[in-house]
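Derivation of every value follows stated rules applied to the coordinates shown; laboratory data play no part. Please read all numbers here as calculations on a predicted model, not as lab measurements. Cβ placement follows ideal geometry from the backbone for every residue including glycine, while neighbour counts extend to all protein chains displayed.
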Amino acid sequence: MTTLGFLYPGHHFAEDDFPRMEILLDAVRLVVNHTAVDEDVYGIDALTRTGVPERLAAGVPELQRAGVESVVWTSGSGSFLYGWKGAHEQTAALARAAGVPASSTSFGFVHAVRELDATRVAVAATYPEDIAALFTAFLHSAGIEVVATHAAHLGSAAEAAAWGPDEVRELVRAADRPEAEVMLLPDTALHTVTHLAELEELLGKPVLAGNQVAVREGLRLADRRAWSPRLGKIFAEREAPPAPVARWGEGRTWARSGKKGRPGRWGE
């Protein structure tokens, strides 16, 4: 059993995505601990305060007691608002406090895009435009080209959490561009896990969403692979299983391995 730890800002938003993912993944335990939030407002000052080192460190002991193998700060805006250098400093401080590898959802997006062998993305953001632009800048720092960013101008995580599948579909449709190889939904307050496969079918491309990416990042840090097609292309196994053993002649056995698929490509 692999145990992963997540620091989730606030309560009663989309943290129920995690038990859903735990059910879909084999032998993976997802432990979520909530961190304090001063006010639920999509403003730069308020969101930056959610990710201060003292606040993250306060949430670590409960995860340590659970025996987690890695810790992910499960906030998009609470990490990318620090910028590329500041976000690295944030996760380094978290790793020192936790005593295990640590990262954030923002870096999870970068690593997931690279794993999909993509370079051009579209961003479907629930945030106001100024905050969405800072996520775009963060991706640019990682060498990822953002071909389009659509901001929905919501005012709080509670508003994002109240959205259902219809609103999410409208958001990704508004953000999509033909040249985008992957669609990104950075807000971890948005419920996405139950309809990731549907969104990918709708757009005809991989979809990366905040909570899904946070789990993928935790697995990466723990050096563990887990698969579930219902969690999107990033969780789809890319190696063909070995071919059945074929017997040739009397008393002789030959094993022929299946051909490996190239990572980041499907339908070949």
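From helices alone, the chain scores -11000 deg cm²/dmol at 222 nm; the rule is -39500 (n - 2.57) for each run of n ≥ 4 DSSP H residues, then divide by the residue total. When you filter the GluC sites (Glu not before Pro) in region 4-78 for DSSP loop state and at most 14 other Cβ atoms inside 10 Å of their Cβ, you are left with Glu39.
Exposed loop sites were defined as trypsin sites (Lys or Arg not before Pro) in DSSP loop states (anything but H, G, I, E or B) carrying at most 16 other C-beta atoms within 10 Å; in the chain the longest segment without such a site runs 1-223. FRET efficiency for the Glu39 to Glu89 pair, using the beta carbon distance and R₀ = 25 Å, is estimated at 0.55. For region 144-200, the list of GluC sites (Glu not before Pro) that fall in a loop by DSSP and count at most 14 other C-beta atoms within 10 angstrom reads Glu179. Assuming charge only on the beta carbon of Lys and Arg (+1) and of Asp and Glu (-1), the dipole of the chain about its Cα centre is about 1460 debye to the nearest 20. Note: the chain, Cα convex hull, 132 Å³ per residue.
If R0 is 25 Å, the Cβ-Cβ spacing of Thr194 and Ala66 corresponds to a FRET efficiency of close to 0.50. Here the Karplus relation 6.51 cos²θ - 1.76 cosθ + 1.60, evaluated at θ = phi - 60°, turns the backbone of region 149-154 into coupling constants of 10, 10, 9, 8, 6, 6 Hz, with x for every Gly and Pro.
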